[in-house]
Amino acid sequence: MLKSKFMSKKFLFALILLSIIGAGIIAFIIIKNRTLPIVSKVADNQILFPTLSNDQKYIFYFSNANEAAFYRLELQNQKIEKISEDFDTPDRIIWSPSKNQAILQVTYNKYIFEKYGSPFIRPGVDDQAITFWLYDLNQKKLSPLDLNIRDIIWSKDGQKIVSSYYDEELNHNIINISDPDGTNLENLIKNELPIEKVISYEPANKKLIFGASTPGELESRLDIYQVIGSGTPTLIIEAVEPGGIYASSNMEHLVSIIDGVLNISNLTQNKTQSLKIKTNKNLTVWLNDNQNLIVATRQETTKTDTFYKINSQTLKKNMINHKGTVDIQNLILSSDQKTLYFTSDDILYKLELK
Amino acid sequence: MLILFAFTAYFAGFHRGESGTGLTGGGGTGANCNILFPAGAGSDQEIAQAINQWIAQHGPNSDLKGKGVLFVQSGRAGGVNPALIAAIARKESTFGTQGIAAEGTFNPFGRKAIASQPHKVIRGVMWYKFSSWDEAILEEGPYLKRVYLDEGRTTLGKLFEKYAPPSENDTPTYIKEVASWINEMTALAGGALGQGCTIQYAQNAEGWIWPVEGTGPFESGFFCFQRSEPSPHLHNGIDIKAPNGTPVKATNGGTVIKVAQTGHNGGNGTFLTIDHGDGMQSIYLHLVVNSIQVKVGDIVSGGETVAQVDSTGYSGGPHLHFVIKKNDKYVDPLNYLPFKKGISDNPIRNNLCDEI
C-alpha cells in the first residue's frame, strides 16, 4: 500500500515534469515561429522580369498572361496598369538604373516572327540568333541594337550601355561603351581574350570587370578579369560558373560559384574565399554599405531556396529562416533595405527583413 | 468473345499502321508518328507530368506551365496525342509567349477564325480569340479531331499539309521539329506516351563517314580523344588536321539544329550541330566564319558539304574539331567512323591529345 502510494506520487511528479517540458517546447516553437519572417504574396498575377521603381512605389514588370507587354503594379493598392504595346516575350530584360528604359534580349524565332508580324522582325537575321533591343518606356519606342552584340549591361551611372562582341576579321573580342541607342560609341577593350560576359563598369574610374571563357570546348567556365582605363586586364578569379556572378556597387567585391560552392572575392586584395555554402544557384543583392549582401541559394537536394545575409569582410553568414517554399527567379531589395521582393513560379512575394 | 477480341486487335493494328505512314520528303527524310491518343500506354498523370516538364524546359516564361493536365484532357477528348498539341503550341507561339498569342487572343495554336467566331483582327488577319488559355487548350484536341482526323488526316504529314501548308511554311521542317518534340516528351514520359515518332534521315549507305579526310600523320596529332570526365578542359572529340577551306561534310544524314556563323562561342569559333535522330548528334567546330551553308532546320544528307575548315575560336591551326554525342553524352567518334588503319586500331589513341 505504502509502495503504491509512493509510486503514484512519483508518477504524478514525472507527469507534471513532462507536462512542463512539453509546454516549454510548444511555447518555444510558437515563439520561434512568430519571429520567423513570413513570405507573403504581393499579387496573384504572373510577373516576369520585375524591378522596383526608384520611388519604391511600383513594380515594373513584363507579363504574357494575357496581352504580352510591360505593366506597372502599384504596391500600395495593387492597381495594375499596362504601360507598353504588345510584344513577343523576350528571354531576358535588363532594366536601366532609372527604370525608364530596358534592354530586351530576344531569340530570333524566324517562323513565328515572320508569320505573325512581330515587332522584332529583322530581315536577314538567322533563326535562333540572339538579338538585343532597347525599349524606352516613356517614349514607347523600340530600337534595334547592334546585331553583333553578345552580352550587354548598363554602366553604373545608368547613362551608357556596355556591350561585347567578337570581331571576326581581327579575331579580337571587343567591349564598347555607347549611349543607349548605340551612338557615341567608344572602345573600352580589344584583345584576344574570349570575352563571354560583361559584369560591371564604373565610368567614373573606368573600372571594368568581365568574364572570358576558360580554355576548353563546349563546356565553359569563366575566368574573371579586371581592367582600369587602358591598362592590361588582370586575371582575378579562375573557372567560375557562368551564372550567378555579382559585383558590389563599388566593384570591390564579387560573389560567384566555383565548383558548386559559393565564393566571395576581394578584388582590391585579389583574394577569393569560400563561403562554404554548397549551391547550384546564386541570386545576390548587395546592401548599400557594399559590405553586406543577401543571397538566395539552393542545393539540388533541397526543395526550397535558402537566404543568407553575408558580411564580405568577416565572412560571417546568417541564414534568414522563413516560412514558405520558394524557387526564386528574381531578387530585389528595397532602398530602405527592409523588404526583399522576389518572384517564385512567376508570382511576386515579399519578405520583411528584421 | 474471341472473335470480338481478334476483330478489335486487327482494327487497332490497322489504325496504328495507318497512322504510321508519315510524310516522306525533304531529301528522303520523314517521320512516322502516332498522332492518336496513346490509349493504355500510361496514366494521365504521368503524361501530364512529362508535358509540364517539357514546357518548363522550353518555355520558362510561359503561362502554359503546369497545364499538362489540360493538354491530356484535350487530347483525350479529341483522341489526339496530347504531346502533339503541346508541340503545336511551341511551334506556333512558343507556348503562348509569342506571335498573335501575345496579343490578347489566348490563341497559342495559330488558329484563324471566320467572322462568326470569336476573333481579333491583327494586322489584317482574323485570328480566333479564346477567353482563356485553358479554353484554348481544351478546345484544340476536339478541333484537331473535327477538322483533321475526321477527314482522314491521321498522320503528321497529312495533318500538316492542311494545318501548316507548304504555301505558308516549310512543311517538312515543321513536321521534323514537331516529331522530334513529340519524341522529347515521349522520352520524359518513360513509356506513358507510347513509342513516339520514328524519324528517318537520308543516311549514308555505309553509315557514318569522315567529315574531312584530314592530312598529317597520326603522331602529329591527327586526332585525340580524352575520356577523363568531368573536366573543364575535356577534349571531347577528335581533331582532324586539314588545310583552311577544306570542305566539311555532314557525317551522316540529319537535321541542322544549331548554327553559329560568327563569334568566339566559348572557344568553339564558328560551329554547327546536326541531329541524326535516335539521340545522336554531330558537332563541327572552328569553321570558317560565315562558311556554313545550311541553316537551322535544314535537312542534310550524309556527305553533303556543310562548311569549311578553319581555325576560329580556341585553335592553334587549321583543323576540324569533330564531336559525336549520344543521348547528350560525348562518345568517341572513332567508334562510329569508318575504320582507318593506324588510327582506329592504335592502342594509345585515347592518350594522345596534341596541342593543335
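The values are calculated or read from the model by the stated rules, or taken from the named source; none is laboratory data. Here the structure is a predicted model, which is why all the values come from computation and not from measurement. Here the Cβ is made from the backbone with ideal geometry for all residues, glycine too, and neighbour counts use every protein chain on show. We work out accessible area using only protein heavy atoms, side chains counted, and drop any ligands, DNA or RNA first. Shrake-Rupley method; radii C 1.70, N 1.55, O 1.52, S 1.80 Å.
What the table below lists for this structure:
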| item | result |
| --- | --- |
| Viscosity 1.567 mPa s, temperature 4 °C, Stokes-Einstein D of the stretch A:60-177 from Kirkwood C-alpha radius, µm²/s | 83 µm²/s |
| Heavy-atom accessible surface of the protein assembly as shown: percent carbon and sulfur, 1.4 Å | 53 percent |
| Assigned charges on the beta-carbon of Lys, Arg, Asp, Glu; the stretch A:161-315 dipole about Cα centre (debye) | 860 debye |
| Cα centre as origin, Lys/Arg/Asp/Glu Cβ charges: the stretch A:281-338 dipole, Debye | 180 debye |
| Over the stretch A:120-217: Rg over Rh, Cα atoms, Kirkwood Rh | 0.98 |
| For residue B:71, net neighbour charge (Lys/Arg +1, Asp/Glu -1) across residues whose Cβ lies under 15 Å away | -3 |
| Drop in accessible area of at least 30 Å² in the complex versus isolated chain, residues of the stretch B:43-64, 1.4 Å probe | B:61, B:63 |
| Neighbouring partner chain Cβ atoms per residue of A:88-95, average, 10 Å criterion | 3 |
| Net charge contributed by nearby residues that have their C-beta within less than 10 Å of residue B:275 (K/R +1, D/E -1) | +2 |
| Listed residues A:145, A:301, A:208: farthest to the positive end of the dipole of chain A (Cβ charges) | A:301 |
| The stretch A:138-157-the stretch A:178-192 distance, computed between alpha-carbon centres (Å) | 12 Å |
| Average other protein chain Cβ within 10 Å of Cβ, residues B:303-316 | 1 |
| Student exercise, the stretch B:248-345 dipole from Lys, Arg, Asp, Glu Cβ charges, in Debye to nearest 20 | 80 debye |
| Accessible area expressed per residue, the stretch B:59-136, with surrounding protein chains retained (probe 1.4 Å, Å²) | 31 Å² |
| Lysines whose Cα lies under 23 Å from that of residue B:326, excluding same-chain neighbours fewer than 8 positions away | B:176, B:249, B:258, B:295, B:340 |
| Spatially proximal aspartates and glutamates relative to residue A:115 (Cα-Cα < 17 Å; intrachain offsets below 8 disregarded) | A:86, A:88, A:126, A:127, B:92, B:103, B:161, B:168, B:170, B:177 |
| Signed unit charges on C-beta, dipole axis of the protein assembly as shown, positive-most listed residue B:245, B:263, B:41 | B:41 |
| Residue-normalised accessible area of chain A, expressed per residue, 1.4 Å probe, Å² | 49 Å² |
| By average C-beta atoms within 10 angstrom, highest first, the peptides B:85-92, A:223-230, B:279-286 | B:85-92, B:279-286, A:223-230 |
| Within straight-line cross-link reach of residue A:276, lysines at Cα separation under 28 Å, skipping those fewer than 8 residues along the same chain | A:32, A:197, A:303, A:309, A:316, A:317, A:323, A:338, A:350, A:354 |
| Cβ-based charge dipole, chain A, positive-most Cα from A:42, A:240, A:270 | A:42 |
| Formal net charge of residues neighbouring residue A:290 (Cβ-Cβ distance under 15 Å; K, R +1; D, E -1) | 0 |
| For the pair A and B, total buried accessible area rounded to nearest 100 Å², probe 1.4 Å | 3600 Å² |
| Helix axis angle, A:2-35 relative to chain A longest principal axis, alpha carbon, degrees | 20 degrees |
| Stokes-Einstein diffusion coefficient of chain A, Kirkwood radius over Cα pairs, 4 °C, 1.567 mPa s, in µm²/s | 56 µm²/s |
| Once the Cα gyration tensor of the protein assembly as shown is diagonalised, semi-axes √(5λ) in Å | 43, 38, 30 |
| Shielding score for B:293-300, defined as the mean number of other chain Cβ atoms within 10 Å | 2 |
